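Have a look at the structure below before the remarks.
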Amino acid sequence: NAGVTQTPKFQVLKTGQSMTLQCAQDMNHEYMSWYRQDPGMGLRLIHYSVGAGITDQGEVPNGYNVSRSTTEDFPLRLLSAAPSQTSVYFCASSRGTSGGEQFFGPGTRLTVL
Amino acid sequence: AQTVTQSQPEMSVQEAETVTLSCTYDTSESDYYLFWYKQPPSRQMILVIRQEAYKQQNATENRFSVNFQKAAKSFSLKISDSQLGDAAMYFCAYRRYSGGSNYKLTFGKGTLLTVNP
């Protein structure tokens with residue numbers, strides 16, 4: 001049971017480049033989400049999904065796209081990277097119950113030059 | 001919208017002593033969950049303790065306990081017999097109990113805990 005996995009662990013992009021951060025979970029969790037962590041800001045929700053084919057915006061969605069075609073995968077796409085998107089990105093998942101613990105991936109450190 | 005405030009950006013404690021991290025939150029709801037997460041230098045987010053708002057009894061997990069004051073909207077974390085491995089960033093988080101967006105976590109900005117030998 002690998003839990004929540006994220007790839008890559010580190011990435012450097014140039015302004016304007018696009019890329020996809022991968023997230024997968026093998027716990028059959030309905031709920032998945034993406035957060036970004038910036039110094040002094042805590043974690044802020046970017047997008048989330050309550051099941052395959054269903055996504056919604058979080059607190060800071062601008063510049064990011066998501067889709068959920070399977071229960072296991074929830075990729076995060078940066079369409080045109082900007083220096084303001086330099087951050088650490090976390091994927092999380094939980095069961096579809098309100099009290100379910102959220103399990104976090106190890107994070108991706110992204111630097112946009 | 002719910003907000004979570006951690007007023008102590010940094011705290012330090014001597015090994016084997018007790019430290020309390022503060023958290024306050026703002027919500028108009030009566031039922032919700034509160035969490036403390038630990039983030040060591042490895043960056044992994046680790047759940048330390050969870051409190052259901054409808055439970056009056058304070059949650060405990062070994063050396064970790066909370067003081068949940070619902071009326072005051074306060075949720076502090078007490079770490080007893082502090083160990084070097086407790087050094088980390090600690091985040092307080094809020095989650096709604098029900099509703100369409102009840103899976104979302106709202107985080108505070110964190111408290112960096114240093115443990116001195």
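The values are calculated or read from the model by the stated rules, or taken from the named source; none is laboratory data. No experiment lies behind these values; they were computed from the predicted model shown. Glycine also receives a Cβ, built like all others from the backbone with ideal geometry; neighbour counts cover every protein chain displayed. What goes into the accessible areas is simple: the full protein's heavy atoms, side chains included, and nothing from ligands, DNA or RNA. Shrake-Rupley method; radii C 1.70, N 1.55, O 1.52, S 1.80 Å.
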B:LEU113 fails exactly one of the following numbered conditions: (1) away from every other protein chain (no Cβ under 14 Å); (2) without any contact (Cβ under 8 Å) to a residue 60 or more places away in the chain; (3) in a strand (DSSP E or B). What is the number of that condition? (2)
Return the residues of region A:55-78 that are part of a loop (DSSP other than H, G, I, E, B) and touching a residue at least 24 places away in the same chain (Cβ under 8 Å); say none if nothing qualifies. A:GLY58, A:VAL60, A:ARG68, A:THR71, A:GLU72, A:PHE74, A:PRO75
Could you list all residues from region B:32-43 that are at pLDDT 95 or above and surrounded by fewer than 17 Cβ atoms within 10 Å (Cβ to Cβ)? B:PRO40
Is it true that some residue in region B:34-44 is without any contact (Cβ under 8 Å) to a residue 40 or more places away in the chain, under 14 Å from B:TYR90 (Cα atoms) and not hydroxyl-bearing (Ser, Thr, Tyr)? yes
Exactly one of these conditions fails for B:TYR103: (1) open to solvent by 20 Å² or more (accessible area, probe 1.4 Å); (2) within 13 Å of another protein chain (Cβ to nearest Cβ); (3) modelled with pLDDT of 95 or more. Give me its number. (3)
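Criterion first (more than 27 Å from A:HIS29 (Cβ to Cβ), within 14 Å of chain A (Cβ to nearest Cβ) and in contact (Cβ under 8 Å) with a residue 60 or more places away in the chain) does B:THR18 satisfy it?
For B:THR18, the condition - more than 27 Å from A:HIS29 (Cβ to Cβ), within 14 Å of chain A (Cβ to nearest Cβ) and in contact (Cβ under 8 Å) with a residue 60 or more places away in the chain - is not met.
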B:PHE75 away from chain A (no Cβ under 11 Å), open to solvent by 20 Å² or more (accessible area, probe 1.4 Å) and of a type in the set (Phe, Trp, Tyr): no
Subset of region A:54-104, residues within 14 Å of another protein chain (Cβ to nearest Cβ), over 28 Å from B:TRP36 (Cβ atoms) and modelled with pLDDT under 95, comes to A:ILE54, A:THR55
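Being open to solvent by less than 40 Å² (accessible area, probe 1.4 Å) and at the interface with another protein chain (Cβ under 9 Å from one of its Cβ atoms) is true for just one of A:GLY51, A:GLY107, A:GLY40. Which residue is that?
Only one candidate qualifies: A:GLY107.
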What's the number of the condition A:GLN6 fails, among (1) surrounded by fewer than 19 Cβ atoms within 10 Å (Cβ to Cβ); (2) at pLDDT 95 or above? (1)
Got a sec? Which of B:GLU29, B:GLU17 is open to solvent by 30 Å² or more (accessible area, probe 1.4 Å), assigned to a loop (DSSP other than H, G, I, E, B), more than 23 Å from A:ALA92 (Cβ to Cβ) and among the acidic types (Asp, Glu)? B:GLU17
Taking B:VAL4 as meeting all but one of (1) touching a Ser or Thr at 6+ places or on another chain (Cβ under 9 Å); (2) surrounded by fewer than 18 Cβ atoms within 10 Å (Cβ to Cβ), write down the number of the exception. (2)
Checked region B:27-72 for anything closer than 17 Å to B:THR5 by Cβ, polar (S, T, N, Q) and more than 12 Å from chain A (Cβ to nearest Cβ); matches are B:THR27, B:SER28, B:ASN67, B:GLN69
Please pick out the residue among A:ALA92, A:ALA81 that is under 29 Å from B:PRO41 (Cβ atoms), assigned to a loop (DSSP other than H, G, I, E, B) and open to solvent by less than 50 Å² (accessible area, probe 1.4 Å). A:ALA81
